[in-house]
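Single-structure report; data block below.
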Amino acid sequence: MKLTFTTAALAALIAFSFSSCTEKKENTIQNGARLMFMREMPEANIISISQEDSIFGKHYMSTQQTEEVNGVIADVVKEVADLTAAAATGKSFTKQEKEIINLYMSMLDKTTKELKASNSKKEDFSGYLVRIDYKATTKSGESYKAERWMYMNKELTAKVRQFEFPLPR
């Protein structure tokens, strides 16, 4: 009986140690991403930071990541199309709507250029991908939400790639 209790206690201690190390690693990666993001956009409010994904080469994207990107782009394009459809009926854009459309199109243009560099060749482990959802304000005071995908090297010392998606309102 004593041996069983000792074995169970040892197993619980090992499990706790592993979960504690994993939690510290995740916190380190998320905190590294938070610091890099806040250095660039100190005025933004972070809504959430995802669990990290491993990356395998600077330009590699998994099938799941590609599907996620395509889904977000489709949502944003639909929102811009809805806004511009209203203009086709004679309604003029407000200054805020023009600014949001320009912001969305600028983000999509930069993201499209980044995605063109992507490929399906998987390389060795090279770092982490963290997604940060945030809320910010344009120069004219219009608030918007966006998601930034940050690719960080495995030492968490540098951002190797990033792109942003506006999130539909």
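Yes/no per residue for (1) touching a Ser or Thr at 6+ places or on another chain (Cβ under 6 Å); (2) touching a residue at least 60 places away in the same chain (Cβ under 8 Å); (3) buried (at least 17 other Cβ atoms within 10 Å of the Cβ):
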site	(1), (2), (3)
T111	no, no, yes
E123	no, yes, no
L129	no, yes, yes
A136	no, yes, no
G141	no, no, no
Y144	no, no, yes
M152	no, yes, yes
F163	yes, no, yes
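Given the structure, is L108 under 16 Å from R161 (Cα atoms), part of a helix (DSSP H, G or I) and touching a helix residue (DSSP H, G or I) at 6+ places or on another chain (Cβ under 8 Å)? Yes. Against the numbered list (1) aliphatic (A, V, I, L, M); (2) touching a Leu at 6+ places or on another chain (Cβ under 7 Å); (3) in contact (Cβ under 8 Å) with a residue 60 or more places away in the chain, I101 comes up short only at (3). Whether any residue in the range 136-157 is under 17 Å from E52 (Cβ atoms) and aromatic (F, W, Y) is what I want to check. Among the residues of the range 136-157, at least one is under 17 Å from E52 (Cβ atoms) and aromatic (F, W, Y), which makes the answer yes. Residues in the range 50-62 that are at pLDDT 80 or above and either assigned to a helix (DSSP H, G or I) or charged (D, E, K, R) (or both): E52, D53.
On the stretch given as the range 52-91, residues that are free of Cβ contacts under 8 Å to residues at least 40 places away in the same chain, closer than 25 Å to A136 by Cα and of a type in the set (S, T, N, Q) total 2. Within the range 152-167, being under 15 Å from R39 (Cα atoms) and over 15 Å from the mean Cα position of the chain (by Cα) holds for L156, T157, A158. Inspection of the range 103-126 finds no residue satisfying the criterion of being under 15 Å from the mean Cα position of the chain (by Cα) and either at pLDDT 90 or above or on the phi > 0 side of the Ramachandran plot (or both). Among residues of the range 131-157 being of a type in the set (G, A, S) and either within 20 Å of V76 (Cβ to Cβ) or in contact with a helix residue (DSSP H, G or I) (Cβ under 7 Å, 6 or more places away or on another chain) (or both), the one that is modelled with the lowest pLDDT is S140. Residues that are surrounded by 10 or more Cβ atoms within 10 Å (Cβ to Cβ), under 15 Å from the mean Cα position of the chain (by Cα) and at pLDDT 85 or above do not occur anywhere in the range 67-81. Counting the residues of the range 115-164 that are under 21 Å from I100 (Cα atoms) and either charged (D, E, K, R) or part of a loop (DSSP other than H, G, I, E, B) (or both) gives 11.
Has the range 89-108 got at least one residue that is among the aromatic types (F, W, Y) and closer than 24 Å to F56 by Cα? Scanning the range 89-108, I find no residue that is among the aromatic types (F, W, Y) and closer than 24 Å to F56 by Cα, so the answer is no.
The values are calculated or read from the model by the stated rules, or taken from the named source; none is laboratory data. Here the structure is a predicted model, which means the values were calculated and not measured. Using ideal geometry, Cβ is built from the backbone for each residue, glycine included, and neighbour counts are taken over all protein chains shown.
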